[in-house]
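Worksheet: one structure, shown below.
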Amino acid sequence: MSLTADWLDAIDGTNALAATIDFSRHGSAEQIDPLEARSVAFEEAGPVREFVSWPGKRNFEGRLWLSSTSQHVPFESFWERAFLATLDRTGDAVTVSSQPMWIRWRSPKRSHVPDYFVRRGDGSGLLVDVRPKELIGAEDAAKFELTRRLAAALGWSYLVFDALPGATQDNLRFLLRFRDPAWLEGVDVASLALTGSMTLGRLAAILDDVARSGLGAAYALVWSGAAKANLERPLSMSTIVDFGAGS
């Protein structure tokens, strides 16, 4: 792979590839140059740092079960949990690792631990940082840009998850309970000829005859994306859901 000037140009004196990458896999600590990282399965990497806790800490820590990858993935903030829920909803992830690597740039000395590495269904890699936009300072922005360039050089995508408009986070947290396929047992969207738009309440009423819970099945369809809803607004029985013409 050729490296473009965009990846190699220095940012504030730092070259994106003038670095080492430290990671841990199967309990063994390793250090490599960036271009060696292409062949590393970072989705199998262990966390390179622990979440630090202290009395009165405002961030919320835990592990979220991802139905798409069948694994519990750590998070250390509501924002990280929202990212994981968003990722799980896409169904595109195969494996996810948390705190997968230290990137240590040499000149001037900078270091950064991305929040997640995602191996997607097509085999591609995605490196992720999670930070609310209003909390991204100048030094954070420089590290994120360096990380983006390093990721691009390795053929990975890079995402800064920095926005959760409106009620999105609350809606995702609520919908997590409806990921279980049991909610949709007996539901065949095609045979029900669900097309166009309707209220969530109307959809629940239609599903009452075929599902163990019409409302639960309706929420499960919203989670899966089969019924599209604007998650920036609080969900209610009057929420409009859309199946699209010819669905």
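The values are calculated or read from the model by the stated rules, or taken from the named source; none is laboratory data. As the structure is a computational prediction, the values presented were derived from the model and not from experiment. Note that we place each Cβ from the backbone using ideal geometry, even for glycine, and neighbour counts take in every protein chain shown. Only protein heavy atoms, including side chains, enter the accessible area calculation; ligands, DNA and RNA are left aside. Shrake-Rupley method; radii C 1.70, N 1.55, O 1.52, S 1.80 Å.
The figures follow:
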| read-out | value |
| --- | --- |
| Matching residues, the stretch 186-211, being out of contact with any Gly (no Cβ under 7 Å at 6 or more places or on another chain) and hydroxyl-bearing (Ser, Thr, Tyr) | Ser191, Ser197, Thr199 |
| Those residues of the stretch 83-126 which are touching a residue at least 60 places away in the same chain (Cβ under 8 Å) and closer than 17 Å to Arg38 by Cβ, in sequence order | Pro100, Met101, Ile103, Phe117, Val118, Arg119, Gly125 |
| Condition met for Trp183 (in contact (Cβ under 8 Å) with a residue 60 or more places away in the chain and touching a Lys or Arg at 6+ places or on another chain (Cβ under 8 Å)) | no |
| Selected residue (criterion: farthest from Arg110 (Cα to Cα)) from residues of the stretch 12-35 that are of a type in the set (Asp, Glu) and touching a residue at least 12 places away in the same chain (Cβ under 8 Å) | Asp33 |
| Failed condition for Leu146, given (1) under 14 Å from the mean Cα position of the chain (by Cα); (2) touching a residue at least 40 places away in the same chain (Cβ under 8 Å); (3) open to solvent by less than 30 Å² (accessible area, probe 1.4 Å) | (1) |
| Conditions (1) open to solvent by 10 Å² or more (accessible area, probe 1.4 Å); (2) farther than 18 Å from Asp22 by Cα: number failed by Pro108 | (2) |
| Residue count, the stretch 83-99 (criterion: within 22 Å of Lys228 (Cβ to Cβ) and surrounded by fewer than 21 Cβ atoms within 10 Å (Cβ to Cβ)) | 5 |
| In the stretch 1-47, the residues that are in a helix (DSSP H, G or I) and either among the hydrophobic types (A, V, I, L, M, F, W, C) or at pLDDT 90 or above (or both) | Ala5, Trp7, Leu8, Pro34, Leu35, Glu36, Ala37, Arg38, Ser39, Phe42, Glu43, Glu44 |
| Helices (runs of 4 or more DSSP H) contained in the stretch 151-247 and holding at least 3 residues among the hydrophobic types (A, V, I, L, M, F, W, C) and either under 28 Å from Asp122 (Cα atoms) or open to solvent by less than 50 Å² (accessible area, probe 1.4 Å) (or both) | 200-207, 214-224 |
| Test result for Trp102, under 29 Å from Asp22 (Cα atoms), open to solvent by less than 60 Å² (accessible area, probe 1.4 Å) and of a type in the set (Phe, Trp, Tyr) | no |
| Residue count for the stretch 121-143, restricted to those that are part of a helix (DSSP H, G or I) and surrounded by fewer than 19 Cβ atoms within 10 Å (Cβ to Cβ) | 8 |
| The stretch 68-82, subset free of Cβ contacts under 8 Å to residues at least 60 places away in the same chain and of a type in the set (D, E, K, R), residue surrounded by the most Cβ atoms within 10 Å (Cβ to Cβ) | Glu80 |
